[in-house]
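> Before we start, here is the structure in question, set down as structure tokens.
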Amino acid sequence: MLYPLLRPLLFRLDGEKVHRWTLELLDAAHALGLTRFAAPKCPPAPVQVMGLTFPNAVGLAAGLDKNGEHVDALAALGFGFIEVGTVTPRPQGGNPRPRLFRIPQARALINRMGFNNLGVDRLVYNLSRARYRGILGVNIGKNFDTPIERAAADYLACMRKVYPLASYLVANISSPNTADLRRLQSSAELDRLLAALKAEQRALSQASGRYVPLMVKIAPDLSEEQVEAIAQSLISHGVDGVIAANTTVARTGVEGLPHGDEIGGLSGAPLRERSTAVVRRLHAALGERIPIIGVGGILRGEDAVEKCEAGARLIQLYTGLIYGGPHLVAECVRALEQR
């Protein structure tokens with residue numbers, strides 16, 4: 001594999017620039033039919049979740065392709081599903097740079113991107129041009145300057161526009177990089193948001209004749225009581241699934257390391273145990289009523305198995321790809337199949 005040889009060079013360069021260049025290079029390779037050499041072929045391992053048939057249980061987490069510009073090339077790496085976004089109604093630049101920091105000693109990243117994206121209309125345009133016909137999730141959020149009291153309007157605006165193109169939708173209420181966003185995880189705010197989203201989902205389903213499942217993405221920094229309260233809200237509103245978990249504001253595992261004290265969300269290996277604990281708590285509260293996608297700290301096939309043994313039905317990768325490269329997709333698919 002070439003990636004382990006290239007990684008030391010890539011890590012010498014600005015993380016955000018390398019992110020863009022790598023995706024552009026992947027697009028070029030895909031156009032030439034070369035992506036099949038970038039990662040091992042994944043064996044078929046279909047999974048039924050939320051009424052959808054996933055070719056395998058290993059997906060791409062939101063954040064890598066915020067604007068849906070690289071879906072076709074990313075899908076060629078063997079993912080069972082792709083999630084794009086987070087997208088907001090209006091374009092926004094996100095937080096000032098630098099805002100992405102590697103911590104290689106801990107196999108971790110810290111980001112404070114701030115929902116930087118080109119807006120929902122551009123996302124819809126990009127997705128309408130993609131050839132990919134697999135399982136596509138669209139992760140939706142609010143603009144940074146929309147007050148929490150009016151947050152539902154932003155989520156609904158995105159939901160209406162992406163509904164025809166999405167296989168499932170995700171309401172991101174847990175990014176630590178948009179001020180006050182995590183307030184939407186509190187019982188009263190969450191109930192109001194879920195009521196509005198489920199009402200709109202019913203209306204769109206009736207109008208289109210097509211039901212698109214709705215998920216919620218939560219934080220790893222919740223107490224057991226908070227996780228249980230969220231689980232009860234998900235059940236009472238009939239939410240279709242939950243993703244656990246987003247990045248953490250804790251710094252366990254990166255104390256004293258270069259960039260370890262940067263503001264933002266921490267992902268990668270230090271997040272593994274924390275996110276798995278949230279998956280386990282959710283599953284204890286939800287049972288088999290609502291499926292869980294486990295994400296956070298998956299850098300080996302064994303980590304994917306750990307998430308599923310804790311109660312996840314599907315898993316997603318992001319930071320693991322930065323450190324392990326595209327071969328991680330097939331490694332996780334095979335590990336889950338052997339399980």
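> Do we find that Arg192 is assigned to a helix (DSSP H, G or I) and either modelled with pLDDT under 95 or touching a strand residue (DSSP E or B) at 6+ places or on another chain (Cβ under 8 Å) (or both) in this structure?
Numbers: assigned to a helix (DSSP H, G or I): yes; either modelled with pLDDT under 95 or touching a strand residue (DSSP E or B) at 6+ places or on another chain (Cβ under 8 Å) (or both): no.
No, not satisfied.
> Restricting the search to the stretch 131-162, which residues are buried (at least 21 other Cβ atoms within 10 Å of the Cβ) and of a type in the set (Phe, Trp, Tyr)?
Listed by number, the list holds a single entry, Tyr155.
> What is the number of the single condition among (1) within 29 Å of Gly78 (Cα to Cα); (2) more than 16 Å from the chain's Cα centre (by Cα) that Leu109 does not meet?
Only one criterion in (1) within 29 Å of Gly78 (Cα to Cα); (2) more than 16 Å from the chain's Cα centre (by Cα) is unmet by Leu109, namely (2).
> Quick one: which of Glu262, Glu255, Glu273, Glu288 is assigned to a loop (DSSP other than H, G, I, E, B) and either of a type in the set (Val, Ile, Thr) or closer than 26 Å to Leu234 by Cα (or both)?
Details: Glu262 fails: either of a type in the set (Val, Ile, Thr) or closer than 26 Å to Leu234 by Cα (or both); Glu255 fails: either of a type in the set (Val, Ile, Thr) or closer than 26 Å to Leu234 by Cα (or both); Glu273 fails: assigned to a loop (DSSP other than H, G, I, E, B).
Just one listed residue meets the conditions, Glu288.
> For the stretch 252-300, enumerate the residues that are of a type in the set (Ser, Thr, Tyr) and either surrounded by 19 or more Cβ atoms within 10 Å (Cβ to Cβ) or touching a Cys at 6+ places or on another chain (Cβ under 8 Å) (or both).
Ser267, Ser275, Thr276
> Let me ask you something else. Just to verify a result, which residue in the stretch 129-144, among those that are in contact (Cβ under 8 Å) with a residue 12 or more places away in the chain and assigned to a loop (DSSP other than H, G, I, E, B), is farthest from Pro55 (Cα to Cα)?
The initial filter retains those residues of the stretch 129-144 that are in contact (Cβ under 8 Å) with a residue 12 or more places away in the chain, namely 130-132, 134-144.
If we keep only those that are assigned to a loop (DSSP other than H, G, I, E, B) as well, we get 130-132, 134, 141-144.
Working: Ala130: 19, Arg131: 17, Tyr132: 13, Gly134: 8, Gly141: 27, Lys142: 31, Asn143: 33, Phe144: 35 Å.
The qualifying residue farthest from Pro55 (Cα to Cα) is Phe144.
> Scan the stretch 321-339 and report the pairs whose first residue is in contact (Cβ under 8 Å) with a residue 24 or more places away in the chain and closer than 20 Å to Val47 by Cβ and whose second residue is among the acidic types (Asp, Glu) and surrounded by 19 or more Cβ atoms within 10 Å (Cβ to Cβ), with Cβ atoms within less than 6 Å and a gap of 6+ or a chain change.
none
> OK, next. Which residue is surrounded by the fewest Cβ atoms within 10 Å (Cβ to Cβ), if the candidates are limited to the stretch 201-239 and must be among the charged types (D, E, K, R) and either under 30 Å from Arg112 (Cα atoms) or touching a strand residue (DSSP E or B) at 6+ places or on another chain (Cβ under 9 Å) (or both)?
Taking the stretch 201-239 and keeping what is among the charged types (D, E, K, R), we get 202, 210, 217, 221, 224-225, 228.
Filter once more, so that each one left must be either under 30 Å from Arg112 (Cα atoms) or touching a strand residue (DSSP E or B) at 6+ places or on another chain (Cβ under 9 Å) (or both): 217, 221, 224-225, 228.
On the way: Lys217: 25, Asp221: 19, Glu224: 12, Glu225: 9, Glu228: 16.
Selected residue: Glu225.
> Of the residues Ile298, Ile293, which single one is assigned to a loop (DSSP other than H, G, I, E, B) and under 15 Å from the mean Cα position of the chain (by Cα)? If you could, list the steps in order and put the result at the bottom.
Numbers: Ile293 fails: assigned to a loop (DSSP other than H, G, I, E, B).
None of the others qualify; the one that does is Ile298.
> Let me ask something additional. Hey, any hits in the stretch 322-337 for a residue that's under 23 Å from Leu169 (Cα atoms) and surrounded by fewer than 24 Cβ atoms within 10 Å (Cβ to Cβ)?
No, there is no match, as no residue in the stretch 322-337 is under 23 Å from Leu169 (Cα atoms) and surrounded by fewer than 24 Cβ atoms within 10 Å (Cβ to Cβ).
> Here is a further query. Does the stretch 158-174 hold any residues that are part of a helix (DSSP H, G or I) and under 24 Å from His70 (Cβ atoms), and which are they?
The first filter runs over the stretch 158-174 and keeps only residues part of a helix (DSSP H, G or I), leaving 158-162.
Hits for the stretch 158-174 are Cys158, Met159, Lys161, Val162.
> While we're here: Do you know which residues across the stretch 82-93 are touching a residue at least 40 places away in the same chain (Cβ under 8 Å) and over 11 Å from the mean Cα position of the chain (by Cα)?
In the first step, residues of the stretch 82-93 are kept if they are touching a residue at least 40 places away in the same chain (Cβ under 8 Å); the result is 82-90, 92.
Matches in the stretch 82-93: Val87, Thr88, Pro89, Arg90, Gln92.
> It is to be established whether one or more residues within the stretch 84-99 are among the hydrophobic types (A, V, I, L, M, F, W, C), part of a loop (DSSP other than H, G, I, E, B) and on the phi < 0 side of the Ramachandran plot. Spell out how you get there, then give the answer.
Pass one, the stretch 84-99, residues among the hydrophobic types (A, V, I, L, M, F, W, C): 84, 87.
Going one step further and asking which of them are part of a loop (DSSP other than H, G, I, E, B), we end up with none.
No, the stretch 84-99 contains no residue that is among the hydrophobic types (A, V, I, L, M, F, W, C), part of a loop (DSSP other than H, G, I, E, B) and on the phi < 0 side of the Ramachandran plot.
The values are calculated or read from the model by the stated rules, or taken from the named source; none is laboratory data. Because the structure is predicted, anything quoted here is derived from the model rather than measured. When we count neighbours, we look across all protein chains shown, and the Cβ atoms used for this are built from the backbone with ideal geometry, even at glycine.
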